[in-house]
Amino acid sequence: MGMEEFFYPSSDGEHQVHATVWLPEGEVKGVVQLVHGICEYIQRYAPFAAFLNAKGFAVCGNDHLGHGKTAKGAEEYGFFTDWKCLVQDVRALRVKMGARFPGAPYFLLGHSMGSFVARTYLIDYPGTLTGCILSGTGQESAATVAAGRLLTALGDPHKVNKLFYELSIGAYNNAFKPCRTSADWICRDEAVVDAYLADPLCNFQTTAGMNHAMMKGLKYVGSRKNLQKMDKDTPVYFFAGDKDPVGAMGKGVLKVAGWFREAGCKDVTVKLYPGGRHEMLNETNKDEVFADTLAWMESKM
């Protein structure tokens, strides 16, 4: 097993996207492309990649604009302005890895903001995946998304919009009071939470520009007309904790899965884990989550 890192040009024309590939020993039986969430980076997924490598899967992923090694420095953390650039950068890696492993079953797994990117990908590039996995997804109401777009359009796009932060990420901990840390909502494993808070590649706040772009993305993936563009034959697997505030404690996950079914998707599966919070791949029962995700993928190959 080996890890490779490389860069490729971003669709924004200004950045080099940092990508990581984890390779299994021996034959590659499938490829899993990971799409990370807000305020994190792709190498946080190394334990899950190692698990998949041991099962014969190649695993890849990139750091989004404003994140990880794709950002040119800390001053860029949490800043980008074009949602579609994130999606196009994910597509570029899909094309690269497809050329490297022609004919291999290919899965896209998006977590949190990455699940919104993956949902955009399903609309924009239908029929290019064996299956799609959405971790920790959700969907605010159209009115909330519209209000978020208005709020984040105010002021300097490079700066943090304090009000937006308090109403969104800043509010996620409310369900877990009394809180030990500001990130108790992430998962029940205290070591994971402490490592997240100690990591400068995670512990930053997003800018108004990025939040505005993400609100546009949420509007796009919430459009019934856009959902009709998805390939109805692509299997989709939703998983989340039923105590995940991003997915409204499971209700938001079920809502989006319902939209997929209404749009005609023929193979939609939902798994909600009792007591699980936002990062199920880092949760105290992550071994169960890993095994369930693998079993779903193998059933689609």
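The values are calculated or read from the model by the stated rules, or taken from the named source; none is laboratory data. Just so it is clear, the structure is predicted and the values come from calculations on it, not from any experiment. All Cβ positions, glycine included, derive from the backbone under ideal geometry; neighbour counts span all protein chains shown. Note: areas computed on protein heavy atoms with side chains; ligands, DNA, RNA excluded. Shrake-Rupley method; radii C 1.70, N 1.55, O 1.52, S 1.80 Å.
For the reader, a short list of remarks on this structure follows.
- Qualifying residue in the stretch 148-155 (condition: outside any helix (DSSP H, G or I), surrounded by 21 or more Cβ atoms within 10 Å (Cβ to Cβ) and not acidic (Asp, Glu)): no
- The stretch 5-26 residues that are closer than 20 Å to residue 48 by Cα, paired with ones that are acidic (Asp, Glu) and open to solvent by 30 Å² or more (accessible area, probe 1.4 Å) (beta carbon under 6 Å, 6 or more apart): 20/5; 21/4
- Residue match in the stretch 29-38 (condition: open to solvent by 10 Å² or more (accessible area, probe 1.4 Å) and part of a strand (DSSP E or B)): no
- Filtered residue count, the stretch 129-147, keeping only those that are polar (S, T, N, Q), open to solvent by less than 30 Å² (accessible area, probe 1.4 Å) and assigned to a loop (DSSP other than H, G, I, E, B): 2
- Just one residue in the set 73, 68, 110 is open to solvent by less than 40 Å² (accessible area, probe 1.4 Å), of a type in the set (Gly, Ala, Ser) and in contact with a Gly (Cβ under 9 Å, 6 or more places away or on another chain); that residue is 110.
- When 150, 167, 134, 163 are screened for being closer than 23 Å to residue 253 by Cα and free of Cβ contacts under 8 Å to residues at least 24 places away in the same chain, only 167 passes.
- The condition of being open to solvent by 10 Å² or more (accessible area, probe 1.4 Å) and not acidic (Asp, Glu) does not hold for residue 49.
- So residue 166, is it among the acidic types (Asp, Glu) and assigned to a helix (DSSP H, G or I): yes
- Flag for residue 225 being at pLDDT 95 or above, over 22 Å from residue 135 (Cβ atoms), in contact with a helix residue (DSSP H, G or I) (Cβ under 6 Å, 6 or more places away or on another chain) and not small (Gly, Ala, Ser): no
- Of the residues in the stretch 261-275, at least one is in a helix (DSSP H, G or I) and either out of contact with any Lys or Arg (no Cβ under 7 Å at 6 or more places or on another chain) or surrounded by fewer than 16 Cβ atoms within 10 Å (Cβ to Cβ) (or both).
- Complete set of residues in the stretch 1-28 that are assigned to a strand (DSSP E or B), in contact with a helix residue (DSSP H, G or I) (Cβ under 6 Å, 6 or more places away or on another chain) and either open to solvent by 10 Å² or more (accessible area, probe 1.4 Å) or at positive phi (or both): 22
Listed here are the residues, each with its yes/no results for (1) over 27 Å from residue 73 (Cβ atoms); (2) of a type outside the set (Asp, Glu).
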site	(1), (2)
128	yes, yes
139	yes, yes
145	yes, yes
156	no, no
160	no, yes
175	yes, yes
189	yes, no
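- The single condition among (1) surrounded by 16 or more Cβ atoms within 10 Å (Cβ to Cβ); (2) touching a Phe, Trp or Tyr at 6+ places or on another chain (Cβ under 7 Å) that residue 119 does not meet is (2).
- Residue ID - farthest from residue 300 (Cα to Cα), chosen from residues in the stretch 211-252 that are polar (S, T, N, Q) and surrounded by fewer than 17 Cβ atoms within 10 Å (Cβ to Cβ): 223
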